[in-house]
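As structure tokens, the structure follows; a few thoughts come after it.
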Amino acid sequence: MEEDLFQLRQLPVVKFRRTGESSRSDEDGISGEHEVQIEGVRTELEPVELEDGAAVPKEFANPTDDTFMVEDAVEAIGFGKFQWKLSVITGLAWANAMEMMILSILAPQLHCEWRLPSWQVALLTSVVFVGMMSSSTLWGNLSDQYGRKTGLKISVLWTLYYGILSGFAPVYSWILVLRGLVGFGIGGVPQSVTLYAEFLPMKARAKCILLIEVFWAFGTVFEVLLAVLVMPTLGWRWLLILSALPLLLFAGLCFWLPESARYDVLSGNQEKALATLKRIATENGAPMPLGKLVISRQEDRGKMQDLFTPHFRWTTLLLWFIWFSNAFSYYGLVLLTTEFFQAGDVCSISSRRQEVKAKCSLTCEYLTEEDYTDLLWTTLSEFPGVLVTLWIIDRIGRKKTMALSFLVFSFCSLLLFLCVGRNVLTVLLFIARAFISGGFQAAYVYTPEVYPTATRALGLGTCSGMARVGALITPFIAQVMLESSVYLTLVVYSGCCLLAALASCFLPIETKGRGLQESSHKEWGQEMVGRGSHSP
């Protein structure tokens, strides 16, 4: 203790500047600077007041620190006005859920209007996921090489352009190609999570990423409400055009988006990163940490082999299966919901299919008002799914949250074996969708946290690509296999989620309470493990 007191007395004068720089001086008489001379010992360390009254956080006011990392700055500045604006703008990109939800509404409409066989209806859904699958890794690599903002802007504008063009498709082949190009653009929208996560302090990261998922839920609900209003009067073409509205708003506001400071540091652009951090500090009304920003330049960013180093090999493989199962089950449930509601209950599906086959091939059924109402109720389950995940993810951790979500979905799928009525069917579908969407959200929290900045966008992109493989396959299970056996279909979904629950438990890294790693050349967690919460 006496040795610590002696070291404190020997500390030199520290000059604090509002610009975020610090320097040491052995001279005592420099005018115009705010000096703090540590001459004695105090039982409680107090913040240093700056000219404008802003206080430097205690953990960042250590006079011996003359350098800081982006993580230090993000933790020091905290969550504020800047992050609220960023939440809304990136959330608009995330509302592309409308482009996905429209698949379950468009399929029966075109089946009736263009007299399409079931395999062509399934192909119309699958081609969107083919586009997403083929582009997800490409967008991730582009975001790691040229910046998160660049990749996100191009993908959103691409989706907007081809989404509007889809409304003018004259024949089946045209809409098939155009929806595939829409899917190609949607594959890059998950990079909004990468950009968003890199501006969030550690304690707020999980909650904020989950709350931005509310925009996905809003998108699905808004799409159903829009369909109720538009389909009976204007038709499916106007529904496709109006579904691009959130992306149109994003395109108008994206000029405000800054590039990720973490990406700028890794690409060696120190001045730009520092300017971004000062901008955030100004908008939040918080001071910058003292010292000089540390640069950790890394040229080989976005390399696929970095996902398979000894530290990340098992994590990557298990995450790929988890993302596959999430999308396979989530979109399968969305498609099954329409089929179940049109049949009335699970046990009536097989007999209904046989009756339809016996009828004239021109006979078909449009979605009724009751179908839209029940579809809206199951879509509203996205909101309690967010709330449940929000409540448990920081209590039991990311891995257990994903495992629990898969288990509940699997259990609800097995309960559908019973010949339940329409009301019980709606409740089971509501619970299943709430938990599978919660598991999807937990994966979106975990994946950006587990990969370093150098490969974060690529890691998220490849996982998203594997999810699209699951989404590509699921129409042939939920729409084609269902014609043969409803029970076999339910067994496939339930079994897949049971395996995914095991995969979640076997993930080698739990990211709860951890900082984001910057360089892939260092071991996981080496740079930041609770760095922002240490005691002074």
Query raised in the report: In what order, largest first, do 153, 203 sit by accessible area if the probe radius is 1.4 Å?
Result: 203, 153
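Quick check: residue separation of residue 120 and residue 270 times 0.36 nm, minus the Cα distance between them. What number comes out in nm?
Details: separation 150, 0.36 × 150 = 54.00 nm, distance 5.24 nm.
Full extension from residue 120 to residue 270 adds 48.8 nm.
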Report summary line: With label points set 7 Å from each Cα along the Cα-to-Cβ direction at residue 211 and residue 176, the distance between them in nm comes to 4.5 nm
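Pull out the extension gain between residue 157 and residue 373, defined as 0.36 nm times the separation in residues minus the alpha carbon to alpha carbon distance; nm, one decimal.
On the way: separation 216, 0.36 × 216 = 77.76 nm, distance 3.21 nm.
Gain on stretching residue 157 to residue 373: 74.6 nm.
Want the number for residue 233 to residue 417: 0.36 nm per residue separation, take away the alpha-carbon distance, what's left? Numbers along the way, then the final one.
Details: separation 184, 0.36 × 184 = 66.24 nm, distance 3.77 nm.
Extra length from residue 233 to residue 417 when fully extended: 62.5 nm.
Using R₀ = 51 Å, calculate the FRET efficiency as 1/(1 + (r/R₀)^6) where r is the Cβ-Cβ separation of residue 476 and residue 66; round to 0.05.
Values: r = 61 Å, r/R0 = 1.19.
Step by step, r from the Cβ atoms, then E = 0.25.
How long are the semi-axes of the equivalent ellipsoid of segment 188-324, taking √(5λ) for every eigenvalue λ of the Cα gyration tensor, in whole Å from largest down? Write out the running numbers ahead of the final one.
Numbers: eigenvalues 255, 107, 42 Å².
Ellipsoid half-lengths, sorted descending, are 36, 23, 15 Å.
Using the structure shown, list the pairs from 153/203; 81/399; 153/207; 81/278; 149/278; 207/399 with a Cα-Cα distance above 22 Å, or answer none. Intermediate results must be reported in sequence, preceding the final value.
Numbers: 153/203 28 Å; 81/399 31 Å; 153/207 25 Å; 81/278 13 Å; 149/278 18 Å; 207/399 16 Å.
The answer is 153/203; 81/399; 153/207.
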**Report entry** Carbon + sulfur, % of accessible area of segment 137-220 - ligands and nucleic acids excluded, 1.4 Å
**Finding:** 77 percent
Query raised in the report: Reported to two decimal places, what Rg/Rh ratio describes segment 64-295 when computed on Cα atoms with Rh from the Kirkwood expression?
Result: 1.07
**Report entry** Peptides 178-186, 304-312, 84-92 ordered by average Cβ neighbours within 10 Å, highest first
**Finding:** 178-186, 84-92, 304-312
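Got a sec? What order do 493, 172 fall in by accessible area at 1.4 Å, biggest, i.e. largest, first?
Ranked from most to least accessible, the order is 172, 493.
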Report summary line: Counting sequence-distant residues (5 or more places) and residues on other chains, those with an amide H built under 5 Å from that of residue 67 are 292
Report summary line: In order over segment 193-205: 3J(HN,Hα) from phi, Karplus 6.51/-1.76/1.60, θ = phi - 60°, whole Hz, x for each Gly or Pro, gives 5, 4, 4, 5, 4, 6, 9, 9, x, 4, 5, 9, 4
Query raised in the report: Where does the Debye-calculated log10 I(q)/I(0) of segment 183-266 sit at q = 0.20 Å⁻¹, using only Cα point scatterers of equal weight, no solvent?
Result: -1.08
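The values are calculated or read from the model by the stated rules, or taken from the named source; none is laboratory data. None of the values given here were measured: they were computed from a predicted structure. Cβ: placed from backbone, ideal geometry, glycine included. Neighbour counts: every protein chain shown. The area values use the complete protein model at the heavy-atom level, side chains included, leaving out ligands, DNA and RNA. Shrake-Rupley method; radii C 1.70, N 1.55, O 1.52, S 1.80 Å.
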